[in-house]
1. Looking at the range 1-31 only, could you name the residues that are of a type in the set (D, E, K, R), open to solvent by 70 Å² or more (accessible area, probe 1.4 Å) and assigned to a helix (DSSP H, G or I)?
2. Out of GLU34, GLU49, which single residue is assigned to a helix (DSSP H, G or I), open to solvent by 80 Å² or more (accessible area, probe 1.4 Å) and more than 26 Å from PHE80 (Cβ to Cβ)?
Amino acid sequence: MASPLYGSLAGLPPIRVHVGDDEVLLDDSRRYVERAIEAGVDAKLDLWEGMPHRFLGGIGNFNASAQALEAIGEFLAERFAKSNA
């Protein structure tokens, strides 16, 4: 029951989920984003080909890690700019 899949997602801020297609939690990630969208949340899944669990921590090992972190930074910068406008 502690899984975020079972909680109310209504009212959450925008969400971006970065997940590798070789991720053990890929199906849960997809379901979470689907549930968030159904709850009216601005949510998006970014699927990274060939990436394993925790690939974001692989800076220096995976080019995709740096690309994903750059995308996260852009997402946050856009959201902060909107909230300060």
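The values are calculated or read from the model by the stated rules, or taken from the named source; none is laboratory data. Keep in mind that this is a model prediction, so the values were computed, not measured. Quick reminder, even Gly has a Cβ in these numbers, built from the backbone with ideal geometry, and neighbours come from all protein chains shown. For accessibility, only protein heavy atoms count, side chains too; no ligands or nucleic acids. Shrake-Rupley method; radii C 1.70, N 1.55, O 1.52, S 1.80 Å.
1. Correct list: ASP27, ARG30, ARG31.
2. On the way: GLU49 fails: assigned to a helix (DSSP H, G or I).
Testing whether each residue is assigned to a helix (DSSP H, G or I), open to solvent by 80 Å² or more (accessible area, probe 1.4 Å) and more than 26 Å from PHE80 (Cβ to Cβ) leaves just GLU34.
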